[in-house]
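Just below is one structure, and these are the notes that go with it.
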Amino acid sequence: MDTNSEVTRLSSDMDATAAPDDPHLGAPEGWPASPLADALYAVLRATPETRAGIARRLELNPSEVDAMEHLMGEPIGPVELSRRLHMTSASATVLVDRLEDAGHVVREADPHDGRRRVVRPTPQGMQSVYAQIGPMVADLIAVEDGMSEHDRAAVVAYLQRVLAVLEHHGEGAPPG
């Protein structure tokens, strides 16, 4: 039995010591499990709440935060933004209007095609986002303290393989 009561148990064992939010609760007999997969699942489960907190602090809704994330990577047109956010172009237009009214983005002519418009974050919008995520990024980097280069490389390799699996099983992936 685990003697550290501070550690949440992520075992597939179905006994009285299992955490109430055990990811395997009710899973069929023989369900695959591993400590790494369980820890990753816990991270994935925490991500929406983290994003919601960032949205609240930015006084944006989660869709607007998602839009800012895409726009900070590159200026894109409203139609492309709607596709990436899985919303109608009308909904994306309303979202961009709200971001523009808040001073987070601007619409401008596409430098490659003057007939087209793109949306890009303003310096104020980028500053606001970086001010909110900066402390989290610093904390995540601090988690690396004490890890050897070998351990860091192993974690990076694992996460790269995980990303490939998630992309494979994402939207548009064939069943099975």
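The values are calculated or read from the model by the stated rules, or taken from the named source; none is laboratory data. Predicted, not measured: the structure shown is a model, and the values here were computed from it. Glycine also receives a Cβ, built like all others from the backbone with ideal geometry; neighbour counts cover every protein chain displayed.
From (1) under 19 Å from the mean Cα position of the chain (by Cα); (2) surrounded by 10 or more Cβ atoms within 10 Å (Cβ to Cβ), pick out the condition that doesn't hold for ASP139.
So the condition that ASP139 fails would be (2).
Could you check the range 4-24 and list, in sequence order, the residues that are hydrophobic (A, V, I, L, M, F, W, C), surrounded by 10 or more Cβ atoms within 10 Å (Cβ to Cβ) and either modelled with pLDDT of 90 or more or within 30 Å of GLN160 (Cβ to Cβ) (or both)?
Applying the first criterion (hydrophobic (A, V, I, L, M, F, W, C)) to the range 4-24 yields 7, 10, 14, 16, 18-19.
Retained after the next criterion (residues that are surrounded by 10 or more Cβ atoms within 10 Å (Cβ to Cβ)): 10, 14, 18-19.
Scanning the range 4-24 gives LEU10, ALA19.
Pairs only if they're at least six apart or on different chains, beta carbon under 7 angstrom, first in the range 104-128 and of a type in the set (S, T, N, Q), second surrounded by 15 or more Cβ atoms within 10 Å (Cβ to Cβ) and part of a strand (DSSP E or B); list them, first residue then second.
Within 7 Å, the pairs are THR122/VAL105; THR122/VAL106.
Could we say that MET126 is part of a loop (DSSP other than H, G, I, E, B), of a type in the set (A, V, I, L, M, F, W, C) and at pLDDT 95 or above here?
Criteria not met by MET126.
Step by step: first the residues of the range 30-65, then only those that are part of a helix (DSSP H, G or I) and charged (D, E, K, R), then the one that is nearest to the chain's Cα centre (by Cα). Which residue is that?
Filtering the range 30-65 for residues that are part of a helix (DSSP H, G or I) and charged (D, E, K, R), the one nearest to the chain's Cα centre (by Cα) comes out as ARG51.
Only one of these is modelled with pLDDT of 95 or more, under 30 Å from PRO78 (Cβ atoms) and among the hydrophobic types (A, V, I, L, M, F, W, C): VAL156, VAL119. Name it.
VAL119
One residue is enough: does the range 93-106 have a residue meeting the conditions at pLDDT 95 or above, surrounded by 15 or more Cβ atoms within 10 Å (Cβ to Cβ) and over 14 Å from VAL65 (Cα atoms)?
Yes.
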